[in-house]
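Here the structure comes first, spelled out in structure tokens, and everything after it is commentary.
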Amino acid sequence: NAGVTQTPKFQVLKTGQSMTLQCAQDMNHNSMYWYRQDPGMGLRLIYYSASEGTTDKGEVPNGYNVSRLNKREFSLRLESAAPSQTSVYFCASSARTGGDYGYTFGSGTRLTVV
Amino acid sequence: AQSVAQPEDQVNVAEGNPLTVKCTYSVSGNPYLFWYVQYPNRGLQFLLKYITGDNLVKGSYGFEAEFNKSQTSFHLKKPSALVSDSALYFCAVSPRSGAGSYQLTFGKGTKLSVIP
């Protein structure tokens, strides 16, 4: 089925470890996003990529890096994980930036940092 | 910067009764407005959006929302609630242009529980 695929679905890291969350979409969308979801705080934008070859910071970028590998793939990297990064991470895509286009979300990655 | 307020963390409603999930927003200029639903351990799913035109927007699963510019509100409604509507609901806003138009800003979410 067409959509946004995130891997892994679950991950436990020790403080200081690094990891990369993968995201791929097959809808030929131009724009991709990484959000984190924390209880009582809704979704907060970490980074986004308006189009292939561009990335920009969102509301909470500290401690993260991203790579727009190609039009399909947008990865999120934690270089040195901290307990504060325990969260559920969602990748999303849209045809383009510009709020009249809705987002399609992946099913999320639940990350625990101990 | 734009913002969204969902004043109720939780809404409880009896099955068959009408439901309302409230949303107010703050944005420069005219907004694009969205509602998304999240079922347990799932990603967010699109319900409906207001872009322009009729202030009453109809969406998936019998949901509708009314855009009220003077009150800066976009409340989600359904005439008759189902137990299967129990989920977490998010309102989101984006300005039509200028700063912040690249993204949707989400509210904190409202947990809807429909009681059999």
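Here, each number is a calculation from the coordinates, and none is a lab measurement. Small disclaimer: the values here were computed from a predicted structure and weren't measured. Neighbour counts are summed over all protein chains in view; Cβ atoms, including those assigned to glycine, are modelled from backbone coordinates with ideal geometry.
Amide H contacts under 5 Å for residue A:86: A:113, restricted to partners 5 or more places along the chain or on a different chain, H placed in the peptide plane at 1.01 Å from N. Note on chain B: with charges restricted to the Cβ of Lys and Arg (+1) and Asp and Glu (-1), its dipole about the Cα centre is near 220 debye. For residue A:57, a cut-off of 17 angstrom between C-alpha atoms picks up no lysines at all, skipping any fewer than 8 places away in its own chain. Rounded to the nearest 20, the size of the Cβ-charge dipole of chain A about its Cα centre is 200 debye, with Lys and Arg at +1 and Asp and Glu at -1. Taken along the Cα-to-beta-carbon direction at a fixed 7 Å, the label points for residue A:110 and residue A:14 span 2.3 nm. The charge dipole of segment B:1-62, taken about its Cα centre with unit charges on the Cβ of Lys, Arg, Asp and Glu (plus for the first two, minus for the last two), comes to roughly 180 debye. Taking amide H as placed 1.01 Å from N in the peptide plane, the amide H of residue A:47 sits under 5 Å from that of A:34, A:58, each at least 5 places away or on another chain.
Shielding value for A:55-62 is 1, the average number of Cβ atoms from other chains within 10 Å of each residue's Cβ. Centre-to-centre separation between the Cα atoms of segment B:1-45 and those of segment B:58-116: 3 Å. Based on the alpha carbons, how large is the Rg to Rh ratio for chain A when Rh follows Kirkwood? That ratio is 0.95, to two decimals. Of the peptides A:30-38, B:32-40, the ranking by mean beta-carbon count within 10 Å, highest at the top, reads A:30-38, B:32-40. Counting Cβ atoms of other protein chains within 10 Å of each residue's Cβ and taking the mean over peptide B:43-54 gives 4.
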